[in-house]
Amino acid sequence: MSGPPATLALLRARPWHVGMAALAGGLALADSEPAMAIAVAWLLAGGLAAVRAAPLGALAAALVLAGAAAGGMRLEALDAPAQRIRDGARVELHAELLTPARPNAFGATAEAGVTGGPLRGARLLVRAARWAPLPRSLSVGEEVELEGRLGTLRPGSRAPPSGFDFDAHLRRRGVAAELLLERAHPTGNRRGGLAGSLDGMRERAERAVGAGMAPGEAALLRGMVLGQDEQIDAASRADWRDAGLAHLLAVSGQNVMLLAALALPLLMLARLGLRTRFVALAALIAVYVPLAGAGPSLQRAGVMGLAGIAAMAASRPASRGYALLLAATVTLAWNPRAWADPGWQLSFAAVAGILTLGLPLQRLLRTAADELIAAPPGRVRAALLHGLADGIAITVAATLATAPLLAHHFGSVPLAGLPANLLSLPAVAPAMWLGMVKIALGQLSAPGLAAAEAVGALASAPVSYLGGLAARAADMPGGQLAVPLGSPQAVAGAYAAMAAGVLAARRAAKPLGPRMTGWVAAWRGASRGRRRALAAGVAAVLIAAAAWVPGTPRTPAVLTVRFLDVGQGDATLIQHPDGTAVLFDGGPPEAGVARLVRKAGVRRLAVVVATHASRDHHGGLAEVLRRFDVGLLLDGGDGTPDPAYRDVLRTAAERGVRRVPATAPLALSLAANRLRIRVLSPPPRPPGPAPEDPNPRAVVAVVTAGDFDLLLSADAESGTLLALALPEVEAMKVPHHGSSDPGLPEALDRLDPEVAAIEVGANTYGHPAPSTLAALERAGVRTFRTDRDGTVTLTPHGARMEVGTER
């Protein structure tokens, strides 16, 4: 049966599927013009009538319109708080913290729900500047008095060139407005009821998951089992993203599946009845979903899991496709704008790919595994082979199904993702199961926390493996493929091309059937020794392929200076051929400078220089000190009370790093006296508080290797430089990100550099200033900028200097 009769039979056999799909589609159209829903309903009715399913078409059209109407009413309810917002109004209100505070370049942000007054029920994004911070002790569920000014959201009006509309993103999350914080004061109260109970469970879970583990590993495990990535450092987050493993740090359907796989055997051992087991499992899922943040993918997984459990309890076969459509309908009924969220799209695309591609591939791989075993396999061997087949099938299907969406939203596809996900299979389930055991133990208070600490030693092994795998896979050459699918039409075309490719592959594979039968027969007829030898050879090739994933790159063969692209900040890395490496500053914390240093081939840092207390200079140094063996920290903090800078010093002390004040005169000899650092400024500071402006007393240093001299002056401008005995140099870093500096021409005249680098990123300060660029051009200095050129690499070759750029 083919053509319309086959289509008609399929539709008649799946009327509930058609109806649920129509309802979900109507909900998704709720935020569109009414004419759009009417047009879709008309096309759907006409299309089904064309295949002689007019009654079903009429029902589907009605459900589309009903869904659009219901979704419209839901959106009115979600948007009601925003109607009460007056832009720029100053307010004092009580609110409950709904999300942990997330640090950013300007302070931190958190979401809060207003608990009283005219704005009761409104969800606000609280923007806390560094001078008006949210108290560090605040946790989710605590009540706080907030004062500040409201700002309305304007979706579509503030989208940057990247295309990401943050206001639209907030609106999808149900945020009514922004609150520019002026003051925050905890009241000491917490929310009660079910939400308050979940807050307590979540706090106990957070403590238990991190118990007995190093801070970095604990942060990763919290991300894997609780969806909390706030404490994961920028370098690790970037590694997992570029390795295609970021989905492991965002709880999803995999978590629900593994929870069920862990809980069901335990419920069976407890000798509970079938219905009781299903009820207990449903209760576990219902608690775990909000406990882990209830993101779009977890909402979908929870609904699908509960639907599957209900079907099993009723002794009816569950339809995976129907469960997926039901999950889409439920999540869209709760928030009709959810479909526009990239996480929602990726989650549903992954599951759809598993259903359409993964299940056939799973059956094929299982059959192949069984056929290749001459003797009937034992239960353990069959379980291992089938588990491996399932893991490969699911990974391949989900990777292919999400690739066009990744390209659309992020401009690239992680080619390293497929091998990285396959290599992660042995560690993911143990890590998540141990994390879930720790969550359960944490609910038992002190005794449970002690037990969770003991489990931490076991959980560290798989988590550490995954962290190392992410770091190595992220560094694979060509691991990221730039595929900018900029429009929905391009995404649709990509999926159409993939579908055509799958159909072509199926047709091409048909002639291989007889050959495969002959190969299997030859395999079965071979002696046991020959089969074992061949299996060992294949295993050796796979192990070699896994080991090929590159580790740390080699140390450069010549002196290399890298002006690292850390955005609006400073980070300069000097590498000597003997392996000696020196890092001046670490950029802002979100830049992940530790990852850039690792990718440059650094294994150990002889010296780290903190030129002065400024977030865009010292922000990434604590992470560097935690990740690398560091010989010496030159401390240019000048006695600052800045908490973030004090954290750098505290980390150095915890790691046993020797600390020396970076005051002039100071000279260091490294690499058997072939690399020297001379600190020209600042002189020792007289007693008293640190100056409010740290820039004039930032470290000014000259790095010398043979006949090559490099001036690094952080944010110290000509007012500081011209008072020093400046030598002639071959290269320099332009002070203070190229800010306006009237004395720069005189400084350039005395320094006479050939090459200059401006370490700068997107900013609102006007850096680099036109006057600075003009001064450099008049002086005949070859000038490079990290905002345009990316990381700038300088390698001196005698009297000649070679400059390479990332872009």
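The values are calculated or read from the model by the stated rules, or taken from the named source; none is laboratory data. Worth saying up front: this structure is predicted, and the values here are computed from it rather than measured. Note: ideal-geometry Cβ built from the backbone for every residue, glycine included; neighbour counts use all protein chains shown. Quick note on the areas: whole protein, heavy atoms, side chains included, nothing else; ligands and nucleic acids left out. Shrake-Rupley method; radii C 1.70, N 1.55, O 1.52, S 1.80 Å.
Going by average Cβ neighbours within 10 Å, how do the peptides 322-334, 165-177 rank, with the highest at the top?
Numbers: 322-334: 21.7, 165-177: 19.2.
Put in order of decreasing packing, that is 322-334, 165-177.
Is segment 90-161 best put as rounded, prolate or oblate by its Cα gyration tensor, with a ≥ b ≥ c the root eigenvalues, rounded for a/c under 1.5, and otherwise prolate when a/b is larger than b/c, oblate when not? Judged from the Cα gyration tensor, segment 90-161 comes out oblate (a/c at least 1.5, b/c at or above a/b). If you take the alpha carbon atoms of segment 112-247 and fit the smallest convex hull around them, that volume is 160 Å³ per residue.
A helix-only calculation puts the chain at -16500 deg cm²/dmol for mean residue ellipticity at 222 nm, using -39500 (n - 2.57) for each DSSP H run of at least four residues, averaged over all residues. Have a look at the DSSP beta bridges in the chain and tell me what percent are antiparallel, nearest 5. The antiparallel proportion sits near 70 percent.
Dipole size in debye (nearest 20) for segment 99-152 around its Cα centre, Lys and Arg Cβ +1, Asp and Glu Cβ -1?
Details: 7 positive and 5 negative charges, 47 e Å.
Taking the Cα centre of segment 99-152 as origin, the dipole is about 220 debye.
Put simply, the Cα atoms of segment 741-807 extend 36, 29, 13 Å along their principal axes, the longest span coming first. The distance linking segment 398-468 with segment 658-724 is 44 Å (Cα centroid to Cα centroid, whole angstrom).
With the alpha-carbon atoms of segment 729-776 aligned to their principal axes, the span from lowest to highest coordinate is 30, 18, 14 Å, starting with the largest.
Please report the carbon-and-sulfur percent of the accessible area for segment 172-272; probe 1.4 Å, protein heavy atoms only, DNA, RNA and ligands left out. Don't skip to the end; give the middle numbers.
Numbers: 2490 of 4310 Å².
After summing per-atom areas, the C and S share lands at 58 percent.
Using a 1.4 Å probe on the protein chains only, how many percent of the accessible area of segment 730-788 belongs to carbon and sulfur?
Values: 1290 of 2630 Å².
That share works out to 49 percent.
A straight line joining the Cα centroids of segment 172-192 and segment 21-72 runs 39 Å. Taking packing as the residue-averaged number of other Cβ atoms within 10 angstrom, the listed peptides 699-705, 143-149, 709-715 run from highest to lowest as 709-715, 699-705, 143-149. Charge tally around G569: other residues with Cβ under 9 Å, Lys/Arg +1 each, Asp/Glu -1 each, net -3. Estimated from the Cβ-Cβ distance and a Förster radius of 35 angstrom, the FRET efficiency linking R646 and F164 is about 0.55. For the chain, the residue among V287, M224, Q575 whose Cα projects farthest onto the positive side of the dipole built from Cβ charges is V287.
Counting heavy atoms of the protein chains only and a 1.4 Å probe, report the per residue accessible area for the chain as a whole number of Å².
Details: 38400 Å² over 807 residues.
Heavy-atom accessible area per residue stands at 48 Å².
Given a Förster radius of 41 Å and the C-beta distance between A504 and I38 as r, what FRET efficiency does 1/(1 + (r/R0)^6) yield to the nearest 0.05?
Details: r = 38 Å, r/R0 = 0.93.
Approximately 0.60, to the nearest 0.05.
Extension gain, S197 to E654: 0.36 nm times the residue separation minus the Cα-Cα distance gives 160.9 nm. Every Cα-Cα pair in segment 601-703 was counted, and those over 24 Å apart are 20% of them.
Peptide packing: for 645-657, 677-689, the average count of neighbouring Cβ atoms within 10 Å per residue gives the ranking 645-657, 677-689, highest mean first.
With a cut-off of 18 Å on the backbone N, the residues of segment 354-370 near the modelled label site 7 Å out from H386 along Cα-Cβ are 358-370.
How big is the charge dipole of the chain about its Cα centre, in debye rounded to the nearest 20, if each Lys and Arg gets +1 on its Cβ and each Asp and Glu gets -1 on its Cβ? Please report the intermediate quantities before stating the final value.
Details: 78 positive and 63 negative charges, 857 e Å.
The dipole magnitude comes to about 4120 debye.
What is the chain by shape, rounded, prolate or oblate, if you read a ≥ b ≥ c off the alpha carbon gyration tensor as root eigenvalues and call it rounded for a/c under 1.5, prolate for a/b larger than b/c, and oblate otherwise? Don't skip to the answer; put the middle values down first.
Details: a/c = 1.82, a/b = 1.46, b/c = 1.25.
It is prolate, given that a/c is not under 1.5 and a/b is the larger ratio.
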